[in-house]
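Engineer: Take this structure, written in structure tokens, and hold onto it; I'll ask about it next.
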Amino acid sequence: MATVELLFSAQPEHVRTARLVAAAVARRAGVDEAVLDEVRLAVGEACSRAVGLHRSNGVTTPVRVVLTEEEKSFSIEVGDEVPGAGVAAADAAGVPGSRDAAPAEDFDDADGEDEMGLAVIRGLVDDVEVSAGEDGGTIRMSWPANPDAVLG
Amino acid sequence: MDLSLSTRTVPGPNGDRTVVEVGGEIDVYTAPKLREQLVELVNDGSYHLVVDMEGVDFLDSTGLGVLVGGLKRVRAHEGSLRLVCNQERILKIFRITGLTKVFPIHTSVDEAVSAAD
């Protein structure tokens with residue numbers, strides 16, 4: 001079951017809040033302290049991307065973050081509500097026949113940030129799924145967790 | 001924590017360098033402020049920049065995009081953009097994106113200011 005669910009309006013200033021909440025819940029779920037920086041960065045990238053998609057497509061609904069504590073893992077799902085965006089994301093994530101990622105030198109400001117964000121997520125997180133849907137896209141990430149190691 | 005920025009000019013063996021000291025978090029919300037600062041410096045004729053990231057607590061791909069944008073701008077004027085960073089958590093982001101090959105990364109401001117172009 002979902003441990004914590006967070007909805008926030010697609011504003012850049014709320015991404016920091018999502019990072020802080022995700023890191024706090026991950027710590028409680030028993031995610032290793034050494035990995036918390038990665039959780040913070042990955043969830044920030046996923047949320048920044050969702051905020052950018054909502055804003056550039058004029059979507060006014062909130063971005064959804066679902067933090068789930070499982071028996072031996074901790075997962076985060078970040079959902080956007082931009083139809084077809086997930087398809088582009090799946091492309092960039094290396095699905096066969098996808099467009100090639102732009103070389104680093106081509107990244108400038110807004111251009112290519114979407115791809116760079118996903119590149120960071122893929123570099124950081126071993127277990128990532130990017131899915132597409134009529135109602136929007138979802139990035140699901142999970143990390144090993146040992147709840148028994150958490151005191152209190 | 002919000003982003004803090006301060007700039008100063010430091011003379012080096014190869015000419016003046018503009019050191020931009022960045023503190024706090026560089027993310028989707030704060031990165032535009034850093035972008036404005038870099039654009040302003042280049043527009044004012046500062047083409048040799050050293051971005052001191054020792055006070056940075058958090059950096060994401062939006063911040064990386066701004067630094068790459070800054071690099072492109074100074075290169076258009078045959079300038080340079082060097083980074084100062086010793087923090088493993090920040091260096092890791094440059095490593096996984098392959099940007100360690102794009103930016104010269106130094107361990108101190110002195111070293112960056114003294115570096116030959």
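Bear in mind that the values in this text are calculations on the coordinates, not laboratory data. From a predicted model like this one, the values you see are computed outputs, not experimental measurements. Heads up, the Cβs are rebuilt from the backbone with ideal geometry, glycines too, and the neighbour counts pull from every protein chain shown.
Engineer: Non-local amide H neighbours of B:LEU3 (under 5 Å, H modeled in plane, Pro and chain starts lacking H): which ones?
Structural biologist: B:GLU25
Engineer: Another question, if that's okay. Quick check on region B:4-111: take the gyration tensor over C-alpha atoms, sort the square-rooted eigenvalues as a ≥ b ≥ c, and tell me if it's rounded (a/c under 1.5), prolate or oblate.
Structural biologist: The shape class here is rounded.
Engineer: Rounded to the nearest 500, what is chain B's calculated 222 nm mean residue ellipticity when only DSSP H runs of at least 4 contribute -39500 (n - 2.57) each, over all residues?
Structural biologist: Result for chain B: -11000 deg cm²/dmol, rounded to the nearest 500.
Engineer: Taking the beta-carbon count within 10 Å as an exposure proxy, list A:GLU33, B:GLU54, A:GLU77 from fewest neighbours to most. Numbers along the way, then the final one.
Structural biologist: Numbers: A:GLU33 9, B:GLU54 15, A:GLU77 19.
If I rank by nearby Cβ atoms, fewest first, I get A:GLU33, B:GLU54, A:GLU77.
Engineer: List the lysines whose Cα sits under 20 Å from the Cα of B:LYS92, skipping any in the same chain fewer than 8 residues away.
Structural biologist: Correct list for B:LYS92: B:LYS101.
Engineer: Placing +1 at every Lys and Arg Cβ and -1 at every Asp and Glu Cβ, with all other atoms neutral, what dipole size does region B:46-103 have around its Cα centre, in debye to the nearest 20?
Structural biologist: Computed about the Cα centre, the dipole is about 280 debye.
Engineer: Hey, another quick one. Going by amide H atoms built from the backbone, whose H comes under 5 Å of the H on B:GLU54, apart from near neighbours?
Structural biologist: Those qualifying (amide H under 5 Å, at least 5 residues apart or on another chain) are B:VAL22.
Engineer: So, in Å, what gap is there between the alpha-carbon centers of region B:49-107 and region B:10-40?
Structural biologist: 10
Engineer: For a quick check: sort B:HIS77, A:HIS54, A:HIS14 by the number of other beta carbons within 10 angstrom, fewest at the front.
Structural biologist: Least crowded to most crowded, the residues run B:HIS77, A:HIS14, A:HIS54.
Engineer: How are the alpha carbon pair distances in the protein assembly as shown distributed across 5 Å bins from zero to the largest one, expressed in percent?
Structural biologist: Calculated over all Cα pairs of the protein assembly as shown, the distribution is 1, 6, 13, 16, 18, 15, 12, 9, 6, 3, 1, 0, 0 percent.
Engineer: Compute, for the protein assembly as shown, the length of the dipole vector about the Cα centre, with Cβ point charges of +1 (Lys, Arg) and -1 (Asp, Glu) only. Units Debye, rounded to 20. Can you show the working numbers first?
Structural biologist: Details: 24 positive and 46 negative charges, 58 e Å.
Computed about the Cα centre, the dipole is about 280 debye.
Engineer: Further question: Please list, in chain and number order, the residues 5+ apart from B:HIS106 or on another chain whose amide H is under 5 Å from its amide H, with Hs placed from the backbone.
Structural biologist: Long-range HN contacts for B:HIS106: B:LEU83, B:VAL84, B:CYS85.
Engineer: Under the definition of partner shielding as Cβ atoms of other protein chains within 10 Å of a residue Cβ, what is the mean value for peptide A:41-50?
Structural biologist: Numbers: counts 9, 1, 0, 8, 6, 0, 3, 7, 3, 0.
Going residue by residue through A:41-50 and averaging, the value is 4.
Engineer: Under the definition of partner shielding as Cβ atoms of other protein chains within 10 Å of a residue Cβ, what is the mean value for peptide A:6-18?
Structural biologist: If you average over the peptide's residues, the count of other-chain Cβ atoms is 2.
Engineer: Helix by helix, which DSSP H runs in chain B go 20 Å or more along their axis at the Cα atoms and have an average Kyte-Doolittle hydropathy of -1.0 or more?
Structural biologist: What comes out of the filter, once short or polar helices are dropped, is B:61-75.
Engineer: Tell me, what is the percent relative contact order of region B:4-111, built from C-alpha pairs under 8 Å that lie six or more residues apart?
Structural biologist: Worked out over region B:4-111, it gives 25 percent.
Engineer: Another question, then. With unit charges on the beta carbon (Lys/Arg positive, Asp/Glu negative), name the residue among B:CYS85, B:LEU99, B:PHE58 whose Cα is farthest towards the positive pole of the charge dipole of chain B.
Structural biologist: B:LEU99
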